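Reviewing the structure listed below.
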2 protein chains.
Amino acid sequence: MSDASEEALGWRVLAREGGARAGELQTRRGVIETPVFMPVGTLGTVKGVRFEELEAEDLDARIILGNTYHLLLRPGPEVIRACGGLHRFTGWRRALLTDSGGFQVFSLADMRRVAEEGVKFRSHIDGRLCFLSPEVSMEVQAALGSDIVMAFDECLPGQAAHEAARASMELTARWARRSRTRFDELQRDSADAGRIEEGANASGEGLKGLSGRQALFGIVQGATHSDLRRESLERTAEVGFDGYAIGGLSVGEEKPVMYEVVEGLAPLMPDERPRYLMGVGTPEDLVECVARGVDMFDCVIPTRNGRNGQAFTSRGRLNVKNAQWSQDARPLDEACACAVCRRHSRAYVRHLYMAGEMLAAVLLSHHNLAFFLDTMRRVRQAIRSGDFTRFRLEFIERINSGLV
Amino acid sequence: MSDASEEALGWRVLAREGGARAGELQTRRGVIETPVFMPVGTLGTVKGVRFEELEAEDLDARIILGNTYHLLLRPGPEVIRACGGLHRFTGWRRALLTDSGGFQVFSLADMRRVAEEGVKFRSHIDGRLCFLSPEVSMEVQAALGSDIVMAFDECLPGQAAHEAARASMELTARWARRSRTRFDELQRDSADAGRIEEGANASGEGLKGLSGRQALFGIVQGATHSDLRRESLERTAEVGFDGYAIGGLSVGEEKPVMYEVVEGLAPLMPDERPRYLMGVGTPEDLVECVARGVDMFDCVIPTRNGRNGQAFTSRGRLNVKNAQWSQDARPLDEACACAVCRRHSRAYVRHLYMAGEMLAAVLLSHHNLAFFLDTMRRVRQAIRSGDFTRFRLEFIERINSGLV
């Protein structure tokens with residue numbers, strides 16, 4: 001464990017099994033047991049799920065994400081700063097991680113233009129011309145006052161060729177240094193809207209021994225090219241960050257390729273820092289990438305697929321549109337103890353979905369998040385009790401066994 | 001108080017002030033203090049609000065509505081009966097009232113045809129030809145297993161002329177008798193899917209001394225014509241019901257006319273039965289009609305207006321779209337203690353609404369229901385402490401004083 005007295009983030013590994021690690025991440029807004037799944041709260045809300053639900057025992061999400069790109073456009077960093085940062089603006093009191101906007105800008109395709117200085121792009125809402133750079137991203141994330149800030153990176157499609165991937169990786173490395181520099185200036189100038197002064201944290205839980213400042217993570221790029229990934233990792237680690245992320249995966253490459261990149265890269269990442277695989281993935285992906293050494297994950301699929309009528313269960317996916325559930329009194333997942341499964345039947349959730357009731361999205365998003373978060377809880381227990389190898393096999397076998 | 005040993009419903013008046021009554025309604029699924037506002041759960045869900053929220057202390061809704069017309073079309077009474085009635089189908093454990101479908105069919109306008117036997121109409125979803133009659137409505141409501149069933153009536157526009165209103169009122173009177181007859185047969189045949197056997201009610205609270213059967217309310221019609229209203233009341237009371245409702249108001253007539261009809265009619269309604277004003281209304285309407293002797297209300301406006309960005313507050317309505325709230329850190333209503341007002345700012349709710357996030361509708365619906373339900377709580381307290389006259393004056397004055 002690193003000396004936390006000067007640190008923004010504390011981190012220690014509690015148990016290992018093979019490459020898998022069970023650890024504890026101390027943020028200024030609470031302790032987070034890892035491996036952890038972080039629900040995505042794009043616009044300051046995890047779509048359809050109230051904070052009270054996220055905090056309740058069946059979900060107990062300790063950290064959620066915010067998206068710099070989306071919050072930059074709506075309501076804008078000025079509004080959020082004026083309201084005292086994203087925590088006070090939204091009412092979320094636990095830890096927050098914000099991405100840098102790099103990935104979202106990347107997905108705008110031909111509405112953006114990348115240069116050394118930064119990225120010019122048009123808003124997907126009103127076409128307005130906007131600009132993001134390492135400096136701007138750090139400034140926006142300071143206004144948001146998130147507890148973990150991500151460096152500004154460029155993200156390429158999974159199939160990017162070596163030459164393009166090298167140029168992009170090198171740009172990302174230069175941007176990492178600029179991110180670090182501007183971030184440090186902002187911390188020095190107390191521009192962080194989420195700053196917690198010593199003794200100001202009501203619970204005191206997270207702040208103990210920490211600086212109360214924002215933490216900054218670097219991002220490793222390099223598409224699917226292992227030499228570029230390794231070089232990117234070296235150059236990012238040289239700058240020095242509180243944690244390291246693997247970016248540029250789950251962006252169109254084949255799944256075995258994704259696993260291979262993680263398998264090759266994660267063990268090389270600093271053992272004394274948390275490792276974060278961005279934008280991944282399915283429940284199987286989480287378990288498989290924990291086995292390869294990843295500690296942190298985020299993904300929109302529990303909520304997005306929930307809105308589209310899909311439930312994740314311990315026996316695979318359930319499509320509520322399927323007529324076979326129309327009179328089925330069983331819960332979405334018979335092995336699930338979440339608030340939705342304790343109270344509601346497949347028949348009811350299906351009815352709500354077919355009738356276009358927003359409660360369908362609310363209930364499916366809740367259940368799916370419960371399934372993801374509970375899976376991670378069980379992963380942590382398994383690693384800590386030396387039982388992860390067996391857990392992993394059984395989990396994958398069961399999830400492929402099909403619904404009954 | 002009526003002898004409840006053979007009754008489906010118990011009722012007693014606890015306090016009076018002028019025409020206002022504070023009472024207690026005993027249903028087989030719990031005791032309901034009156035005057036009461038009943039949130040509308042059209043399709044087996046109060047739109048955007050989870051049952052857990054409805055049961056929580058800040059809302060504490062003791063009874064909600066279901067709409068026979070909507071549930072007849074989706075998912076259909078066969079599905080709900082197969083799932084054990086609307087309570088077991090939805091997971092709602094407290095009292096349920098279902099309307100008869102008469103009002104909804106009325107609002108289909110030229111997609112319906114009324115005859116002595118019943119109403120032929122086309123589904124607003126797929127144009128399918130459907131049929132509702134007193135008998136069918138009772139059968140559907142038995143399959144739903146609601147705790148309070150409404151007789152099947154015809155509802156005319158508020159401006160209906162005397163001749164048309166008389167014919168319709170007479171038809172409603174004949175339908176009331178047919179509703180009663182078919183309802184009694186169904187109870188005898190134990191067709192009620194929500195039946196509670198003696199001793200079968202876990203809490204025992206509501207069932208004590210009650211028959212465990214469904215209750216049936218009659219509906220007084222007659223548009224705005226006082227002679228027809230009086231005759232309708234006589235003919236309905238002659239049939240005999242567990243409670244009496246005023247239908248056909250809030251359907252296009254002027255507000256003073258609505259108040260006048262209630263003022264003329266409510267005092268004539270059986271004192272030993274609860275009085276229910278259907279489909280009404282705004283917070284001011286509730287307070288004004290309690291003063292005129294009404295005990296029960298339902299209306300979609302807290303949730304519908306919430307979905308459209310409107311918050312009801314103690315100082316009148318707040319439109320979250322208004323730019324003046326964009327950095328306002330105050331809760332929707334500074335005098336409100338609901339979960340939304342305890343946690344979220346106007347700025348945040350406005351942001352969610354402007355960004356099209358469903359959480360906006362969720363939070364606004366919750367707050368609005370809290371405001372309606374809390375208003376009724378305060379109305380009950382005022383009547384019981386002999387303070388209702390002053391409460392009413394101050395409430396109306398405050399709500400018209402404007403937001404600050």
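The values are calculated or read from the model by the stated rules, or taken from the named source; none is laboratory data. Just so it is clear, the model here is predicted, and its values are computed rather than measured. Cβ: placed from backbone, ideal geometry, glycine included. Neighbour counts: every protein chain shown. Ligands, DNA and RNA are stripped out before the accessible areas are found, and what is left, the full protein with its side chains, is counted by its heavy atoms. Shrake-Rupley method; radii C 1.70, N 1.55, O 1.52, S 1.80 Å.
Would you check if there is a residue in the range A:123-135 being open to solvent by 10 Å² or more (accessible area, probe 1.4 Å), in contact with a strand residue (DSSP E or B) (Cβ under 9 Å, 6 or more places away or on another chain) and among the basic types (Lys, Arg)?
Yes, there is a match, as at least one residue in the range A:123-135 is open to solvent by 10 Å² or more (accessible area, probe 1.4 Å), in contact with a strand residue (DSSP E or B) (Cβ under 9 Å, 6 or more places away or on another chain) and among the basic types (Lys, Arg).
So is residue A:150 more than 22 Å from residue A:176 (Cβ to Cβ), in contact (Cβ under 8 Å) with a residue 12 or more places away in the chain and more than 14 Å from chain B (Cβ to nearest Cβ) or not?
Against the criterion (more than 22 Å from residue A:176 (Cβ to Cβ), in contact (Cβ under 8 Å) with a residue 12 or more places away in the chain and more than 14 Å from chain B (Cβ to nearest Cβ)), residue A:150 does not qualify.
Would you pick out the residues in the range A:293-311 that are within 14 Å of chain B (Cβ to nearest Cβ), open to solvent by less than 30 Å² (accessible area, probe 1.4 Å) and not β-branched (Val, Ile, Thr)?
Answer for the range A:293-311, where residues must be within 14 Å of chain B (Cβ to nearest Cβ), open to solvent by less than 30 Å² (accessible area, probe 1.4 Å) and not β-branched (Val, Ile, Thr): just A:306.
Can you tell me which residues in the range A:41-53 are crowded, with 22+ Cβ neighbours inside 10 Å and either polar (S, T, N, Q) or not in a loop (DSSP other than H, G, I, E, B) (or both)?
Across the range A:41-53, the qualifying residues are A:45, A:53.
Might you check whether a residue that is in a helix (DSSP H, G or I), within 14 Å of chain A (Cβ to nearest Cβ) and touching a Ser or Thr at 6+ places or on another chain (Cβ under 7 Å) occurs anywhere in the range B:158-170?
No, because not a single residue in the range B:158-170 is in a helix (DSSP H, G or I), within 14 Å of chain A (Cβ to nearest Cβ) and touching a Ser or Thr at 6+ places or on another chain (Cβ under 7 Å).
For (1) of a type in the set (Gly, Ala, Ser); (2) touching a strand residue (DSSP E or B) at 6+ places or on another chain (Cβ under 7 Å), each residue gets a yes or a no:
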{"residue": "A:296", "(1), (2)": "no, yes"}
{"residue": "A:301", "(1), (2)": "no, no"}
{"residue": "A:304", "(1), (2)": "no, no"}
{"residue": "A:309", "(1), (2)": "yes, yes"}
{"residue": "A:313", "(1), (2)": "no, no"}
{"residue": "A:325", "(1), (2)": "no, no"}
{"residue": "A:328", "(1), (2)": "no, no"}
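Every residue in the range A:91-122 that is surrounded by 16 or more Cβ atoms within 10 Å (Cβ to Cβ) and hydroxyl-bearing (Ser, Thr, Tyr), please.
A:98, A:100
Can you pull out every residue in the range B:214-253 that is modelled with pLDDT of 95 or more and among the acidic types (Asp, Glu)?
B:227, B:231, B:234, B:238, B:242
What pairs come out if I take residues in the range A:20-32 that are open to solvent by 10 Å² or more (accessible area, probe 1.4 Å) and pair them with residues that are among the β-branched types (Val, Ile, Thr) whose C-beta lies under 9 Å away, six or more apart or interchain?
These pairs meet every condition: A:24/A:13; A:24/A:31; A:24/A:32; A:24/A:34; A:26/A:32; A:29/A:63; A:29/A:196.
To keep it simple, each residue is scored yes or no on (1) within 14 Å of chain B (Cβ to nearest Cβ); (2) touching a helix residue (DSSP H, G or I) at 6+ places or on another chain (Cβ under 6 Å); (3) more than 18 Å from residue A:301 (Cβ to Cβ).
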{"site": "A:317", "(1), (2), (3)": "no, no, no"}
{"site": "A:334", "(1), (2), (3)": "no, no, yes"}
{"site": "A:343", "(1), (2), (3)": "yes, no, yes"}
{"site": "A:346", "(1), (2), (3)": "yes, yes, yes"}
{"site": "A:358", "(1), (2), (3)": "yes, yes, yes"}
{"site": "A:368", "(1), (2), (3)": "no, yes, no"}
{"site": "A:386", "(1), (2), (3)": "no, no, yes"}
{"site": "A:392", "(1), (2), (3)": "no, yes, yes"}
{"site": "A:397", "(1), (2), (3)": "no, no, yes"}
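Test residue B:364 against the criterion of being surrounded by 22 or more Cβ atoms within 10 Å (Cβ to Cβ), within 28 Å of residue A:126 (Cβ to Cβ), under 22 Å from the mean Cα position of the chain (by Cα) and within 14 Å of chain A (Cβ to nearest Cβ), and give yes or no.
Criteria met by residue B:364.
Within the range A:238-274, which residues are over 15 Å from the mean Cα position of the chain (by Cα) and on the phi > 0 side of the Ramachandran plot?
A:240, A:252
Please enumerate the residues belonging to the range B:312-324 that are open to solvent by less than 10 Å² (accessible area, probe 1.4 Å) and within 20 Å of residue A:88 (Cβ to Cβ).
Passing the criteria: only B:320.
Could you figure out which of (1) more than 23 Å from the chain's Cα centre (by Cα); (2) among the β-branched types (Val, Ile, Thr); (3) surrounded by fewer than 23 Cβ atoms within 10 Å (Cβ to Cβ) isn't true of residue B:375?
(1)
Given the options A:309, A:293, name the one that is among the small types (Gly, Ala, Ser) and closer than 30 Å to residue A:20 by Cβ.
Going through A:309, A:293 in turn, just one is among the small types (Gly, Ala, Ser) and closer than 30 Å to residue A:20 by Cβ: A:293.
From the residues in the range A:55-90 that are under 16 Å from residue A:29 (Cα atoms) and open to solvent by 10 Å² or more (accessible area, probe 1.4 Å), which one is farthest from the other protein chains (Cβ to nearest Cβ)?
A:62
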